[in-house]
Amino acid sequence: MTQRERALLPDYLRLIALFGIVVVNVQFIAFSSLQGFDETVGASFGDKVTLWLVNGLALFKTYGLFSFMFGVGLGFLMRSAARRGLPFGRIYRNRMIGLLLLGVAHGCLFFPGDILVIYAVTGSILYAFRDWPVRRLVQVGSALLVLQALIAVPLLLATPPPPPEFVEIERATLSAGGFLDAVVFRSISFVFTLSILLIAQGISALGWFCLGLAAVKSGMIDNAAHPLWRQARRLCLLPGVALGLLGAGLWQWVGATPGAALTIIAAPVATLGYLGLIAWIARPPGPLLSRALSAGGSSLSVYLGQSILLSTIFSAYGLGLWNAVDRFSATAIAVLVTIGLIAFVSLWRLWFKLGPFEWVLRRITYAGFRER
């Protein structure tokens, strides 16, 4: 099996997850991110339908896909270090430092909901699991996903809403303030958001890391036709999507608390179903899709580019669209921005081996080593 065949499924996963994560993130970039988790949001019927679809199909699910791919990345990095005779411990330490630095900059400058810092922290714990056998990784990863659901529901629902003064500061900053005003506000928000997300999402991230690493060690990630992918698709896809949409519907139209709880609980099931579905469609691409998949291999650049462009579009120092469009329009803008970024990265990689932020992370990862 060639290297390109081995990388086919991961690139499909990254590419699809990029669209899922941006339609979730834009709801917190284009509108207030300070509403309580158990509050129903969306003023118009169109807004409610958009949020129903986003929360039912993407919220927490695409985060799981990205986290799964992080564990896969650890397995690939271990393979690369062993093949090149490099000390994996030092390389991995550098990589976590690089993610931490990029995440702090991202969270403070552009989007307080950054995931890279969470990945750096929980990824450091994953290092201790690197030599575990597949069975143990699967058992611990699955247990962590269950534990996360038990913890996240009461934690998120019990988190008190921010003071009204802070909500007013957000409105004034993002609808009329300059870039430095936005940076100050985002930096403060990042501190509070990170403390919650480390608990509310960090445990599940580590669980998906374990499952991703197990997929590399077992060879599943290299074989899109593996029977376990088919089982995940058959057993988890329809129940996970149905429960997710039901929970999101309850969230919007019946009761926010039970709806949010069901959305959280159903997310791992739907994510497993998505993994099985993506494995089913992961087949040799044509020329156009092949270029798009190469951009999927530069998912860090697309992910950070999404926040940079969308925060500029919606903030007062950019196009000033914060809270000025409906949810569907904001979601459509996010999808179009992602398509544009994929096109840009595809062209970029005609001349350069790595995406721009992948190059930065690689320089940090291999600092002090002579690349071969």
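FYI, it's all coordinate maths here, none of it is from the lab. Owing to the predicted nature of the structure, the values given are computational and were not obtained by experimental measurement. Cβ placement follows ideal geometry from the backbone for every residue including glycine, while neighbour counts extend to all protein chains displayed.
Overview of values
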read-out	value
Per-residue Cβ neighbour rank within 10 angstrom, fewest leading, Arg362, Arg283	Arg283, Arg362
Mean separation of Cα contacts under 8 Å, 6 or more apart, over the residue count of the chain: relative contact order %	31 percent
Dipole of region 3-365 [Lys/Arg +1, Asp/Glu -1 at C-beta], most positive-end residue of Ile169, Thr312, Cys210	Cys210
Modelled label reach - Val325, point 7 Å along Cα→Cβ, region 51-78 residues with backbone N closer than 17 Å	51, 54
(1) 59, 47, 40; (2) 56, 43, 40; (3) 71, 40, 39, with the label sought being that of the calculated Cα extents along the principal axes in Å	(2)
In nm, spacing of pseudo-spin labels at Leu228 and Tyr317 (7 Å Cα→C-beta vector)	4.6 nm
Label-point separation, Trp280 to Leu150 (7 Å along Cα→Cβ), nm	3.3 nm
Fluctuation leader among Arg186, Arg171, Arg84 - the chain, Gaussian network, Cα springs under 10 angstrom	Arg84
Using alpha-carbon coordinates, inclination of helix 299-314 to the longest axis of the chain, degrees	10 degrees
Per-residue ³J(HN,Hα) for region 66-75, Karplus 6.51 cos²θ - 1.76 cosθ + 1.60, θ = phi - 60°, Hz, x for Gly and Pro	4, 5, 4, 5, 5, x, 4, x, 4, x
Additional length obtainable on full extension of the chain from Val191 to Arg135, 0.36 nm per residue less Cα span	16.5 nm
Most mobile of Lys353, Lys48, Lys217 in a GNM of the chain (Cα contacts under 10 Å)	Lys353
Extended-chain gain in nm, criterion 0.36 nm per residue less alpha-carbon gap, Arg90 and Ala332	82.9 nm
Dipole in debye (nearest 20) - region 3-365, about Cα centre, beta carbon charges: Lys, Arg +1; Asp, Glu -1	1840 debye
Phi-based couplings in Hz for region 143-155 (Karplus 6.51, -1.76, 1.60; Gly and Pro marked x)	5, 5, 5, 5, 4, 4, 4, 5, 8, 5, 4, x, 5
Theoretical FRET efficiency, 1/(1+(r/R0)^6), r = Cβ-Cβ of Arg363 and Leu246, R0 45 Å, to 0.05	0.45
